[in-house]
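As structure tokens, the structure follows; a few thoughts come after it.
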Amino acid sequence: MLRSLRDEYSYPSVDRGKSARYEFSTAIEIEWCSKKYWGRVRNISRHGMFIELPDLPVLNAAFSASLALNKPLHVECVVRRVVPGQGIGVTVTLASKESRMRYEALLQALSLGPEPGAARQELPAFQSTGGEGFSSASTRES
């Protein structure tokens, strides 16, 4: 069973390389240096994700981002790996309790396997508060 994300993020010395990674593809909006960029998440783990981007931030750059889910999930990221021509590996920090719960629910759903229907069943339902969606993102319909 997955441990609480709060506990994981409280200890920066956790060995991040041993976290299970899940193939996961979704759009991500990044705000870096007062500009917005769109990328694509390739895979995700308890501690971070790999993001495909045409313009790559520098190593150790910090930025805010939102995963384009049914309700955008806000994360804070730090670039830990740059792969020219492909993208960046980032560590993820989740500021709010709701974000931590949603991120953990996403990981639990992905741990069930690649079947999208199974993943959707495990994600908690959230009410949209309006104005939080992406205007130019394409979303996958059920």
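Is it the case, given these coordinates, that Ala95 is of a type in the set (A, V, I, L, M, F, W, C) and in contact with a Cys (Cβ under 9 Å, 6 or more places away or on another chain)? Here the answer is no, as Ala95 does not meet what is asked. When each of Gly39, Gly89 is tested for being within 19 Å of Arg21 (Cα to Cα) and in contact with a Pro (Cβ under 9 Å, 6 or more places away or on another chain), the lone residue that passes is Gly39.
When Ala105 is evaluated against the numbered criteria (1) under 15 Å from Arg21 (Cα atoms); (2) at pLDDT below 90; (3) of a type in the set (Gly, Ala, Ser); (4) surrounded by 14 or more Cβ atoms within 10 Å (Cβ to Cβ), which criterion, by number, is the only one it fails? Going through (1) under 15 Å from Arg21 (Cα atoms); (2) at pLDDT below 90; (3) of a type in the set (Gly, Ala, Ser); (4) surrounded by 14 or more Cβ atoms within 10 Å (Cβ to Cβ) one by one, Ala105 breaks only (2).
The values are calculated or read from the model by the stated rules, or taken from the named source; none is laboratory data. The shown structure was predicted, so the numbers you read here are calculated from the model rather than taken from an experiment. All Cβ positions, glycine included, derive from the backbone under ideal geometry; neighbour counts span all protein chains shown.
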